[in-house]
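The values are calculated or read from the model by the stated rules, or taken from the named source; none is laboratory data. The model shown is predicted, which means the values in this text are computed figures rather than measured ones. Cβ coordinates were reconstructed from backbone atoms using ideal geometry, including for glycine residues, and neighbour counts include every protein chain displayed. Please note that ligands, DNA and RNA were not included when accessible areas were found on the heavy atoms of the full protein model with its side chains. Shrake-Rupley method; radii C 1.70, N 1.55, O 1.52, S 1.80 Å.
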Amino acid sequence: MRTALLVALLAIPAGLAADLAQTPPMGWNSWNKFNRNIDDKTVREIADAMAANGMKDAGYIYVNIDDTWEAGRDAQGNIQTNEKFPDMKALADYVHSKGMKIGIYSSPGPKTCAGFEGSYQHEEQDAKTYAAWGIDYLKYDWCSARKVYQQSDMQRVYQKMGDALKATGRPIVFSLCQYGLEDVWKWGATVGGNLWRTTGDISDNWRSMSQIGFDKQVGLEKYAAPGHWNDPDMLEVGNGMMTYEEYRTHMTLWAILAAPLLAGNDVRNMTEETKAILLNRDVIAIDQDKLGQQGYRVAKQDAAEVWMRSLEDGDIAVALFNRGSGPARVTANWSDLKLSGKHKVRDLWAHAERGSFKDSFSAEVPAHGVVLVRVKK
Ligand code: GLA
């Protein structure tokens, strides 16, 4: 009896973590733009920029350091930071002082994907170190774990870090990065995962983004819910190798997919178009809708695709995509959206009311572009 009570009491801090990621996490991650060239100074500047440029106010609160911060271990086995990050606790304090949260990265294997020290056989110790530093988010990347475990061990391996994070008592978002292997969407939540990558890495080009966003998420919508999300990888918006039309498509797809919105660009220095995409409150509101129901494709004809996402207030977000290389007229039929009668339509990229429509809504959509509307209930 006593043991049972003690176990129940010890479990309380873990319960706190259950409130994490009630909507898809939003923030920034260093990898897509900075790769290995990330350090303490840059992270501070990024946090400063996000606090000042409207990103923090729009909900982008996680400042996440990806791979290459790690050094080896000290005599007691404690993970050390390398010369780029002289004092991780001080950096976490700084990010917190800006009203934001900080994330870090590791691997269950001996080495990370970039060949730095991983958490293999130091899982609990590392989780404690992260908590002591004040870390709020961990991305845990399979990488060299394939050399020391079978792929079928994956669930158990991720559970180990999930348990270790919970045991710290600090709410730490747990981001599973294993490229969608082993149908992670079926077990990601049970190991404590708040999000799980569904595919390999995104690149800053139309082919990569559109394959991941349109094709590889189909059927996964039933696995997303408040607290745990499918993660089609970080944003490339603003990194320069796609057109603004394509970046709007990228942002729209991620919002319809209830995907984490982790900006992957240099947010210290953004064009007006990039800002207008990342900071569009109407689009962010779709992504962050409290119902937490991931959207899906309802119609596809040639290059035209219509996707919908049901929203908490009964409205429906409807995206009219054109994957083709010339402009096209795309139609959303009310019957495909399970709607009837007349409904008001607001265009969320044009910021304009379009009027009331019966049976369907059509729009001219540019090549690789999108028209995103909110159809009122
Ligand atoms: C893997 C991940 C990326 C990034 C790199 C870092 O490729 O999928 O998102 O974290 O490792 O080395």
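Look at the dipole of the chain built from charges on Cβ: of 28, 308, 59, the Cα furthest out on the positive end belongs to 308.
When the surface is traced with a 1.4 Å probe over the full set of protein chains, residue 141 keeps roughly 10 Å² accessible.
The translational diffusion coefficient of the chain, from Stokes-Einstein at 25 °C and 0.890 mPa s with a Kirkwood hydrodynamic radius over alpha carbon pairs, comes to 115 µm²/s.
Counting only DSSP beta bridges with both residues in the chain, the antiparallel share comes to about 60 percent. Normalising the average separation of contacting C-alpha pairs (under 8 angstrom, six or more residues apart) by the number of residues puts the relative contact order of the chain at 14 percent.
All Cα-Cα separations within the stretch 294-377 were binned at 5 Å from zero, giving a P(r) of 3, 16, 28, 28, 17, 6, 1, 0, each value a whole percent of the pairs.
Site pair residue 96 and residue 336 shows an inter-label distance of 4.9 nm when each label is modelled 7 Å from Cα along Cα→Cβ. Other residues with beta-carbon under 12 Å from the beta-carbon of residue 223 carry, at +1 per Lys or Arg and -1 per Asp or Glu, a net charge of -1. Rounded to the nearest 20 debye, the dipole magnitude of the stretch 299-357 is 160 debye, with +1 charges on Lys and Arg beta carbons, -1 on Asp and Glu beta carbons, and the Cα centre as origin. For the chain, with all protein chains in place and a probe radius of 1.4 Å, 50% of the accessible heavy-atom surface sits on carbon or sulfur. Qualifying trypsin sites (Lys or Arg not before Pro) in the stretch 282-343, where qualification requires a DSSP coil assignment and no more than 15 other C-beta atoms within 10 Å, comprise 290, 338.
A simple spin-label model places pseudo-atoms 7 Å from Cα toward Cβ; at residue 364 and residue 241 they are separated by 3.2 nm.
Looking at the stretch 270-377, none of the chymotrypsin sites (Phe, Trp or Tyr not before Pro) sits in a DSSP loop with at most 15 other Cβ atoms within 10 Å of its own Cβ.
For the stretch 336-377, the orientation-averaged shadow of the C-alpha convex hull comes to 3.2 nm² (one quarter of the hull surface). Of all segments of the chain bounded by GluC sites (Glu not before Pro) found in a DSSP loop with no more than 11 other C-beta atoms within 10 Å, the longest spans 84-311.
In this structure the amide hydrogen of residue 28, modeled in the peptide plane, comes within under 5 Å of the amide hydrogens of 62, 63, 64, 263, none closer than 5 places in sequence on its chain. Given +1 at the Cβ of Lys and Arg, -1 at the Cβ of Asp and Glu and no other charges, the dipole of the stretch 260-356 around its Cα centre is 220 debye to the nearest 20. Relative to the longest principal axis of the Cα atoms of the chain, helix 244-256 runs at roughly 70 degrees. Counting every alpha-carbon pair across the stretch 260-314, the share separated by more than 13 Å comes to 70%. Remark: the chain carries 41 Å² of accessible area per residue (probe radius 1.4 Å; ligands, DNA and RNA excluded).
Taking a ≥ b ≥ c as the square roots of the eigenvalues of the alpha carbon gyration tensor, the stretch 157-295 is prolate, as a/c is not under 1.5 and a/b beats b/c. With the alpha-carbon atoms of the stretch 61-209 aligned to their principal axes, the span from lowest to highest coordinate is 38, 38, 28 Å, starting with the largest. Cysteines in the chain that lack a partner Cβ within the 4.7 Å cut-off: 177.
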